[in-house]
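Notes to accompany the following structure.
What follows draws every value from the coordinates through simple rules; no lab data is involved. Predicted model only: the values in this text are computed from it and were never measured. Methodologically, a virtual Cβ is constructed for each residue, glycine included, from the backbone with ideal geometry; neighbour enumeration extends over all protein chains shown.
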Amino acid sequence: MPTGDRFDRYLLMEERRVLEFTYHWMYLTKPVALFAGAAVVGAAIVGASDRAPLAWFLLVGALIWFGLPLLSAIENRAAVRLIITDSRVVFVEGWLARRYGMMPLTKITDLTIHEPILGRILGYGTIIAESAGQDQALTEIRFLPDPLRAWQTISDLLYVQGAGRPWYRRPEPEPFPGPEPTTPSQR
């Protein structure tokens, strides 16, 4: 895991970063498709129109209209991090306007993964963390690459290593106490 980056300020002094994610590239498909569609339709209007200045004005306006959300999505994808530490889950989003969310591992009562068919093929999904009682800042994180890895890591921290006990580590498995395995005889 990278250390010394701009997301270190969201971690506590003795906290150990276990896993870190940013949005999957599929997060950008909708704004890219809208921008490309606006460019194609605008170019078709410019090519078919007798009133070229108005058509060019509409094309440039459409490209700006759909280009700004595309630039915002690109910037947001670079500024998003889901950081799983040995004691909590931290979600940081945004570059200009920033939003932070944090949920202690001990508060997580249920983890759910939703992987649509396309998500299973391309490797992304949604992870939903629920807690007892009130709503938390982190409930649903979409476009998460490899959500099963996040689910397994959080489960391991909660149920095997013990959330809130960073000094505890899973013991090495002991050898099987039964008889030594034998090799089959050569016939």
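For region 15-114, the residue among PHE35, ALA52, VAL18 whose Cα projects farthest onto the positive side of the dipole built from Cβ charges is VAL18.
Provide the FRET efficiency to the nearest 0.05 for the TRP65-ALA97 pair, computing r from the beta carbons and using R0 = 22 Å.
Details: r = 20 Å, r/R0 = 0.93.
After rounding, the FRET efficiency stands at 0.60.
Overall, the ratio between the Cα radius of gyration of region 28-76 and 2.2 N^0.38 Å, rounded to two decimals, is 1.22.
What FRET efficiency comes out for the pair THR106/LEU148, r = Cβ-Cβ distance, R0 = 22 Å, nearest 0.05? Write out the running numbers ahead of the final one.
Values: r = 22 Å, r/R0 = 1.01.
E(calc), rounded to 0.05, equals 0.50.
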